[in-house]
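Notes follow the structure.
Only the coordinates and a few stated rules stand behind these numbers; no lab work does. Since this is a predicted model, take the numbers as computed values, not measurements. Positions of Cβ are backbone-derived with ideal geometry, glycine not excepted, and every protein chain shown enters the neighbour counts.
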Amino acid sequence: MTELSELRPKRKSVKRRMRREKRAAATRAKALSPTRIATLLAALPLLMCSTAIGVYIRTSPYPAEQALQHLVAMAGCEAAAKVGVFEVREGMPGYHLRNDPDGNGVACETRTIAAIPAQSVETVQASRDTAPNAGNTDRRQIGNSKFIKP
């Protein structure tokens, strides 16, 4: 009888250990599943962007709405127009040097070439050639994201 009572606790402990090992194996399989890992990796850029935007809004000298408009205007004039930023003067939220190709202090100007007084291309070219510093043009051109001098 003593032998039988000694065997019972061992059987229970073996069953408990087996259940614990099965649970651990299931938890490992769930944690290391390729779908879960891919989801976590895909969510990482979204988490980083939302954190960076939140930090920018909190540390910006502008109110939250204007800080977001300033941030969106950095992408270009089309994006700025979608959030309601038009013809921004230097020093105002939404002004970025890259959006001011003519360097006059007003970014994302809405005037078009048709609104500029009509001059023939030859007249403009001739005035540039007869200027005292014709070879040293200091106008800015739009490149990828920077302005380069020719």
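Note on ALA42 and LYS30: the model spin-label points, each 7 Å out from Cα along the C-beta direction, lie 2.1 nm apart. Extension gain for the segment ALA64 to GLU87, taken as residue separation times 0.36 nm less the Cα-Cα distance, is 6.3 nm to one decimal. The modelled label-to-label distance between LYS22 and SER50, using points 7 Å beyond Cα along the C-beta direction, is 3.8 nm. Near ALA29, once Lys and Arg are set to +1 and Asp and Glu to -1 for all other residues with Cβ below 14 Å from its Cβ, the sum equals +4.
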